[in-house]
Amino acid sequence: MNLSPMRYKDFIWPHNPRVYTIDYERRMAENKIPYGLYHLQDLGRGHRIMRGEGEFVGPDAYAQFGALANVFYSEGSGPLIHPLWQTANAYFVELSLRQEPRPDYVSYSFVFWEDLEYYSNTAEKPAQEEQTAQADGGEKLVYSVVKGDTLWGISKKYKTTVENLLHLNPQIKNPNLIRVGQEVRVR
């Protein structure tokens, strides 16, 4: 199976990390009550934590790690695109270098935290739709992407398939990456 490379902001991995894990978190509070009892309170879901390990191999191994380190030092969150998992807006919070004393090999690990602020308040925002008449007399329906949207979610909302949306929108090259304000034709 040939997978597309993982990306974060403008860094594209030359080959995908060897290990990739996602930790899901739920915040809980314990309230003690008399006689040794307690009550658990669900405070809601927390951020996902994406971790991974990999290697850079070859004469430019240290240069590749240096490019990844430069992305680590850039501020703010950005899109983290994994070839199999859901795209997330994330902060790059940890980068570790583990190496043997070899000039052509670098072993590393990383941690990303999902930016939940990116997805917040999407329920209150009304979907922005624009209908225009087509030359053949049918109606063309265009949806304007809002924060938190996915192509899959848009397809379910309009009772269609992701494949149909990709057919109607040849400008979308990566179905895991749509941007706020982007117009997506749904009909």
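Structure notes:
- With the charge dipole of the chain set up from +1 on Lys and Arg Cβ and -1 on Asp and Glu Cβ about the Cα centre, the Cα lying farthest toward the positive end among the listed residues F92, Y158, V180 is that of Y158.
- The local environment of T21, defined by Cβ-Cβ distances under 10 Å, has a net charge of -1 under the rule Lys, Arg +1 and Asp, Glu -1.
- Other residues with beta-carbon under 11 Å from the beta-carbon of E53 carry, at +1 per Lys or Arg and -1 per Asp or Glu, a net charge of +2.
- At most 16 other Cβ within 10 Å, DSSP loop - GluC sites (Glu not before Pro), the stretch 32-90: E75
- Each peptide in 150-161, 29-40 receives the mean, over its residues, of other Cβ atoms within 10 Å, and ordering these scores from highest gives 150-161, 29-40.
- Dipole axis of the chain (+1 Lys, Arg; -1 Asp, Glu on Cβ), positive-most option in F72, G52, N2: N2
- Percent accessible area from carbon and sulfur atoms, the stretch 1-69, protein chains only, probe 1.4 Å: 55
- Heavy-atom surface of the chain, accessible at 1.4 Å and reported per residue (Å²): 63
- Normalised by 2.2 N^0.38 Å, where N is the number of residues, the C-alpha radius of gyration of the chain stands at 1.33.
- The stretch 87-97 - phi-based ³J(HN,Hα) in whole Hz, Karplus 6.51/-1.76/1.60, Gly and Pro as x: 5, 9, 8, 9, 9, 8, 9, 8, 9, 10, 9
- Net charge dipole size for the chain [Lys, Arg +1 and Asp, Glu -1 on Cβ; Debye, nearest 20]: 380
The values are calculated or read from the model by the stated rules, or taken from the named source; none is laboratory data. No experiment lies behind these values; they were computed from the predicted model shown. Don't worry about glycine lacking a Cβ; one is built from the backbone with ideal geometry, like all the others, and counts go over all protein chains shown. Note: areas computed on protein heavy atoms with side chains; ligands, DNA, RNA excluded. Shrake-Rupley method; radii C 1.70, N 1.55, O 1.52, S 1.80 Å.
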